[in-house]
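This report refers to the structure that appears directly beneath it.
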Amino acid sequence: MGSIWRVSCDMVNLIFDFDGTLYNSYKGIKMAFESSAIQVYQSGVEFKPGNIGPPIAEIHEIYFKNKTPYEKKQFINTFRNLYDYEYCDQGEWYDGAKDLHTQLNKEHFRLICLTNKPFEPLQKILLSQSIGIEFDMISCIDDKQFKSNYKSERLKMIKNLTHNSAEKWVYIGDTQEDYEAALKNNCIFVHASYGYGIVDGKNLLFINSLRELLSVLDNVLS
């Protein structure tokens, strides 16, 4: 692993998606989504893990067509209350996540979390199930500084804060949105293949576990 410390830049920026990359949130999201469907629409649905990733408003459209704006708002509010305050900590960290904080030397890596999760449930998870990672920056869907529903736009704003062109950027995520955000912002993309999404791209780097991340970084940054 020695070559990873000899990259020709001051800092390597590691951007982590959260759901499907660091944290398996399927159980809690499934419980909140299916309960919301019953409460709001009196409808029984089976929530699939492959639909995790986009904001809840977009996931709603996958399951429920032709709903009024009022009905959609009511569903989203119900989901947010159930997930954010009851079910968000029902998930678990992916294998290898708890070892990252000892492996990623803070002198060489800047750690960024870029997620479509609101800040409140994310903070609750990080506080109740800490894995020791101290992110240098967190950008959530309700970010007050980087206001956008699109990860690609928030990432662009984050990168604009850094003026050192020698720095390298690596994005680790599991969905097509993650891949496209990395592509649009000239980041190296590493697909977390164990997550929820299927990524359509050429010559993809991938990991089957977070335990493989340092080996991949060693190859692409040396």
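Read-outs throughout are calculated quantities, based only on the coordinates presented, and are distinct from any laboratory measurement. Keep in mind it's a predicted model, so treat the numbers as computed, not measured. Cβ atoms come from the backbone with ideal geometry, glycine included; neighbour counts cover every protein chain shown.
Structure values in brief
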{"quantity": "Lys, Arg +1 and Asp, Glu -1 on Cβ, resulting dipole of the chain about Cα centre, debye, nearest 20", "calculated": "420"}
{"quantity": "0 to 90° range, to nearest 10: angle between helix 69-82 axis and the chain longest Cα axis", "calculated": "60"}
{"quantity": "Cα gyration tensor shape of the stretch 108-222, rounded if a/c is under 1.5, else prolate or oblate by comparing a/b with b/c", "calculated": "rounded"}
{"quantity": "Helix 151-160 vs. the chain, principal-axis angle (Cα, 0 to 90°, nearest 10)", "calculated": "40"}
{"quantity": "Kirkwood Rh in Å, taken over the chain so that all alpha-carbon pairs contribute", "calculated": "18.2"}
{"quantity": "Computed lengthening from residue 85 to residue 142, 0.36 nm per intervening residue step minus Cα-Cα distance", "calculated": "18.9 nm"}
{"quantity": "For residue 205, distant residues with modelled amide H under 5 Å away", "calculated": "191"}
{"quantity": "Three-way shape call for the stretch 69-164 based on the alpha-carbon gyration tensor, with the a/c threshold at 1.5", "calculated": "oblate"}
{"quantity": "Potential extension, residue 27-residue 68 segment - 0.36 nm per residue separation minus Cα distance", "calculated": "12.0 nm"}
{"quantity": "Relative contact order [Cα under 8 Å, 6+ residues apart], the stretch 79-222, whole percent", "calculated": "19"}
{"quantity": "Global form of the stretch 26-90, assessed from the alpha-carbon gyration tensor, a/c cut-off 1.5", "calculated": "prolate"}
{"quantity": "Exposure proxy order (Cβ contacts within 10 Å, fewest to most) of 179, 171", "calculated": "179, 171"}
